[in-house]
Every structure is written in structure tokens, then in C-alpha cells.
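Accompanying notes for the structure given below.
The values are calculated or read from the model by the stated rules, or taken from the named source; none is laboratory data. Here the structure is a predicted model, which means the values were calculated and not measured. In this analysis, Cβ positions are derived from the backbone assuming ideal geometry, glycine residues included, and neighbour counts consider all displayed protein chains. Accessible surface is based on the protein model in full, side chains and every heavy atom, while ligands, DNA and RNA are left aside. Shrake-Rupley method; radii C 1.70, N 1.55, O 1.52, S 1.80 Å.
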Amino acid sequence: MKYRYFLSLALMAFFAFSPVNAQKRTLEEVKKSIGDLSADLKAYKNAQAKLKPALTNEATQDLAETWWLAARVEFGIYDKNRVNKSVGNSFDVKEMGNALVSGYDYCQKALKLDTILETNRDGTPKIDKATQKQKVKTKFSKEIWHKMMGYVVDYSAAGADLYKAKDMENAYKLWGIYYNLVTTPQQIVKHKVDPDTVIGEMRYFQAMAAVQLKKLREAHDLFTQARSLGVVKKSAFDHDINVLHQLGDTATMVKVTKEAYQLYGKQDVRYMRIMINDCIYHGKMNEAEVMLDQAILMDSLNANYYTIKGQIVESRSSYMQARPYYIRAVELMPDDYQTNFDAGRCYYLEALKYIQDNPKKSNAKLSKELTPIFDKAKEYLEKAFQINHDSVDARSILRDIYYRLNDGEKLDKLERGL
């Protein structure tokens, strides 16, 4: 009898202190420690450290309760930091963001494990008549979903905080989690979610984080989705165009550019340039000119359109035919370097061509005939050089003009950088 008694005590002690029971006891202890209303941030951090082994232990890693408890600990760390922030105490923005990310990840693991197969009293599977599959029920899922949805706004705000803190990886994750939560079908029905434009803004911010992380294809997809949700501000197109340029996806870049042009073509000539360059690249010069002529008809006071028109005409025919477009551009935008330079360059080229075509004329006669042309060239080029004093091209042409006009004073000032 004594032998059996001691054997029983030994077996009880063995099971009581077995690794399986030890881990399950840990779960209970953690649950108790965070269940106390007086639990502070330190208590939650201690619970986090204490629970960590259970996440990889064979006895507990496949239990939904383990991951649900771990999620609650993470949300608790976030909450305690948030309280500290609200009352002016020290808090850790990155810790808050990381806790929300981990809390969500742990919830997802718990949801996957939270499946209980239903059986009849005799132990046989209980079959669902509609699906002819064994019925299942959950223990924690409803509570888990309710918990996560309670932090929807926090996920969007924490994403912004971590973006400012240069933690792009977790900012990207947080905005992705926000989107996952507010677009889950059952949650749209059960909870009030943000309108499309707000969701779109979060997609836009996530795209910005993706750009920083060099996740370029993801960034494009997110920018596209943001625009489909109503975020059609200029930057939503511009950043996407830059991303597509880096990806080398010219076809899609032109497509997005055309969309941007419809809304912001008058503000940014770059869109027209991209579309025209695409036409030129594909040998569609006529289409490029037609496109530009239509743009000029719609916005006849846009100097940039005349500059581009001049460049196309010059490439297809001559600088003489292009010059009127450059001059018109200067009239509309007198303080622009490129328009002034192009107009002056055309007059300069006219003068050089005249010299080339008249080799037998004396220098005195050439000088008399060319002075008015050189003076026109000088007028525009001096203005261009005044706007951009570092222009090597403008300096070089002006040097030659001053030399040919025998204007030593201006040549000397030019050489001395005055």
C-alpha cells in the first residue's frame, strides 16, 4: 500500500511539473497578470517576456488560446503607451507601432487555430446538412474580431507616426492592416467603416512607404488603388509616374500620364512631354503634332506648349520654322531660360548660315548685313544668360557674337564673369 501511495505521489508530481503542464501554467499566470486592473506597462512587458517561450513550445504553439493571449499582451503594451502619451508621460512610438503589428499577426494565427470540430454524443462527427462536412465552432474568434476592430483608427494613426519616425517597414504594415480590417466583408456589415476616400488616403500613404522600401511594383498597385478610391490629387499621379519610370514600364507610365494630363495638364507640361516623347519614340510624329496643336487650342497661353512645338518643328524641318514658336513662348514666359536661349540660338544660327551661303562677300558688308540679326540673337541670349549665369552654351554663343561684332567691352566683362 505504501508503495502504491508513494508511486501515486510521484506520478502526480511528474505530471504537475512536466513541460506540458509548465507551459499551460505559464498561460494561466500571464492571463492572471494582465487581468489585474492595476497592471502597468512594466507588467505587460514582463508578461510578453514570460509568454515568449510558449509561442514555440510544442505543448502550446498550436493552441488558439496561446496566440490570442499573446495578442492581448501586445494590445496592452500599446494601450499603456497610449495612456502615457495622453497624460504627458514618456512613451515609445516605435514600441506602440510594433505592438499593433504583432497584436494583429498573433490574432491571425489564433483565428486559424480557433477551430473546434463538433461531434455527436457517441463521438462521431456532426455533419452539416448543407455542406455535408463536419460542423465546426469557434471559441475565441468573435472576441478576436471585436478586439481588432477596436483598433482600426489606431492602425492608421500609428502608420503615420512610424512614417514620421522613418520606420517605413512597420508603417507599410500598419496601413496594410488598416485596409485589411476595414475591407473585411463581415466587418463592413457589422461595423461602421471609413468612406472610400479615407481608405484611399491610407492606400496612398502605404504606397509612399512602399516607394521608400523600394517595393516599386507594390507601390504602383497601391497608387492605382488609391486613385480608384477617389484620391486623385496630382502627387498620386506624379509619384506613380516616377515609380513606373524606375520600373521601366513605359506603356503603363504613358497610360497614367494621360490620366494625369486630363486633370492637371495645364499645371504641368511634363505630362505633354511624356506623351509626345512616346509618340516620337514610336515614330508617330504626326500624332505628336496633332496632340500638341489640340493642347494649344485648349490653352493658348501656355508657353511650354509653344516651346515643345518649336522643338518638334525644328527636329522635323528647320530652326527658321521653329523660331516663331520660341518667340511666342518668350512673350508668354519672358523670364524662362530655355525659351530665351532657343529664340536667340535660332537668330545666331541664321547669321552663321548667311555667312556660309555668302563666302565671297567682304567682312565689312557681312558685318553690316548681319549686325541686326546678331543684335536680335544677343537680346535673347543675354536675357537667358542673366537668368542662368552658369549656362555654358549661352556663354559660348555670346562670346562668339561679341567677337564678331567687335564688342570688346562686353567680351571682356563676359570673360571676367561680370
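Kindly indicate whether Tyr326 is part of a helix (DSSP H, G or I), among the hydroxyl-bearing types (Ser, Thr, Tyr) and more than 21 Å from Lys234 (Cα to Cα). Don't jump to the end; show me each part of the working.
Working: part of a helix (DSSP H, G or I): yes; among the hydroxyl-bearing types (Ser, Thr, Tyr): yes; more than 21 Å from Lys234 (Cα to Cα): yes.
Answer is yes for this residue.
Might you check whether a residue that is under 30 Å from Tyr179 (Cα atoms), assigned to a helix (DSSP H, G or I), in contact (Cβ under 8 Å) with a residue 40 or more places away in the chain and touching a Phe, Trp or Tyr at 6+ places or on another chain (Cβ under 7 Å) occurs anywhere in the stretch 88-95?
Checked against the condition, which is being under 30 Å from Tyr179 (Cα atoms), assigned to a helix (DSSP H, G or I), in contact (Cβ under 8 Å) with a residue 40 or more places away in the chain and touching a Phe, Trp or Tyr at 6+ places or on another chain (Cβ under 7 Å), the stretch 88-95 yields no hits at all.
Can you name the condition, by its number, that Glu314 falls short on among (1) open to solvent by 70 Å² or more (accessible area, probe 1.4 Å); (2) acidic (Asp, Glu); (3) over 30 Å from Asp240 (Cα atoms); (4) outside any loop (DSSP other than H, G, I, E, B)?
Glu314 satisfies all of (1) open to solvent by 70 Å² or more (accessible area, probe 1.4 Å); (2) acidic (Asp, Glu); (3) over 30 Å from Asp240 (Cα atoms); (4) outside any loop (DSSP other than H, G, I, E, B) except (1).
Taking interchain pairs and intrachain pairs at least six residues apart, which have beta carbon atoms under 8 angstrom, with the first residue in the stretch 345-364 and over 19 Å from Leu398 (Cβ atoms) and the second among the charged types (D, E, K, R) and surrounded by 13 or more Cβ atoms within 10 Å (Cβ to Cβ)?
Listed pairs, sorted by first residue: Lys361/Glu369.
Residues being under 23 Å from Lys309 (Cα atoms) and open to solvent by less than 60 Å² (accessible area, probe 1.4 Å): count how many of those fall in the stretch 242-282.
Residues meeting the conditions: 17.
Enumerate the pairs (first residue in the stretch 313-338 and touching a residue at least 40 places away in the same chain (Cβ under 8 Å); second residue anywhere and of a type outside the set (Val, Ile, Thr)) with beta-carbon separation below 6 Å, excluding pairs fewer than 6 apart on the same chain, so at least 6 apart or on different chains.
So the pair list comes out as Val330/Asn340; Val330/Ala343; Tyr337/Ala384; Tyr337/Asn388.
Please state which one of Gln108, Gln134, Gln61, Gln48 is closer than 30 Å to Ala165 by Cα and at pLDDT below 95. Let's see the steps before the verdict.
Numbers: Gln108 fails: at pLDDT below 95; Gln134 fails: closer than 30 Å to Ala165 by Cα; Gln61 fails: closer than 30 Å to Ala165 by Cα.
The unique qualifying residue is Gln48.
Find the residue count for the stretch 351-372, including only residues that are surrounded by fewer than 18 Cβ atoms within 10 Å (Cβ to Cβ) and either of a type outside the set (S, T, N, Q) or in contact with a His (Cβ under 6 Å, 6 or more places away or on another chain) (or both). Walk me through how you get there before you give the answer.
Initial filter on the stretch 351-372 (surrounded by fewer than 18 Cβ atoms within 10 Å (Cβ to Cβ)): 352-369, 371-372.
Filter once more, keeping what is either of a type outside the set (S, T, N, Q) or in contact with a His (Cβ under 6 Å, 6 or more places away or on another chain) (or both): 352-355, 357, 359-361, 364-366, 368-369, 372.
Within the stretch 351-372, residues that are surrounded by fewer than 18 Cβ atoms within 10 Å (Cβ to Cβ) and either of a type outside the set (S, T, N, Q) or in contact with a His (Cβ under 6 Å, 6 or more places away or on another chain) (or both) number 14.
Give the residues of the stretch 36-54 that are touching a helix residue (DSSP H, G or I) at 6+ places or on another chain (Cβ under 8 Å) and either part of a helix (DSSP H, G or I) or open to solvent by less than 60 Å² (accessible area, probe 1.4 Å) (or both), sorted by residue number.
Residues of the stretch 36-54 touching a helix residue (DSSP H, G or I) at 6+ places or on another chain (Cβ under 8 Å): 36, 39-41, 43-48, 50-51, 53-54.
Within the stretch 36-54, Ala39, Leu41, Ala43, Tyr44, Lys45, Asn46, Ala47, Gln48, Lys50, Leu51, Pro53, Ala54 meet the criteria.
Please go through the stretch 228-241 and give me each residue that is among the small types (Gly, Ala, Ser), at pLDDT 95 or above and open to solvent by 30 Å² or more (accessible area, probe 1.4 Å), ordered by number.
Step one: list which residues in the stretch 228-241 are among the small types (Gly, Ala, Ser), which gives 228, 230, 235-236.
Now narrow it down to the ones that are at pLDDT 95 or above: 235-236.
Listed by number, the list holds a single entry, Ser235.
List, please: which pairs have Cβ atoms under 6 Å, are six or more places apart or on different chains, and start with a residue in the stretch 56-84 that is more than 15 Å from Glu143 (Cα to Cα) and hydrophobic (A, V, I, L, M, F, W, C) and end with one that is at pLDDT 95 or above and not in a loop (DSSP other than H, G, I, E, B)?
Listed by first residue and then by second, the contacts come to Ile77/Ala99.
Filter the stretch 55-74 for residues that are of a type outside the set (Val, Ile, Thr), within 34 Å of the chain's Cα centre (by Cα) and open to solvent by less than 10 Å² (accessible area, probe 1.4 Å) and give the result.
Kept after step one, since they are of a type outside the set (Val, Ile, Thr), are these residues of the stretch 55-74: 55, 57-59, 61-65, 67-72, 74.
Right, trim to within 34 Å of the chain's Cα centre (by Cα) and you get 67-68, 70-72, 74.
Passing the criteria: Trp68, Ala70, Ala71.
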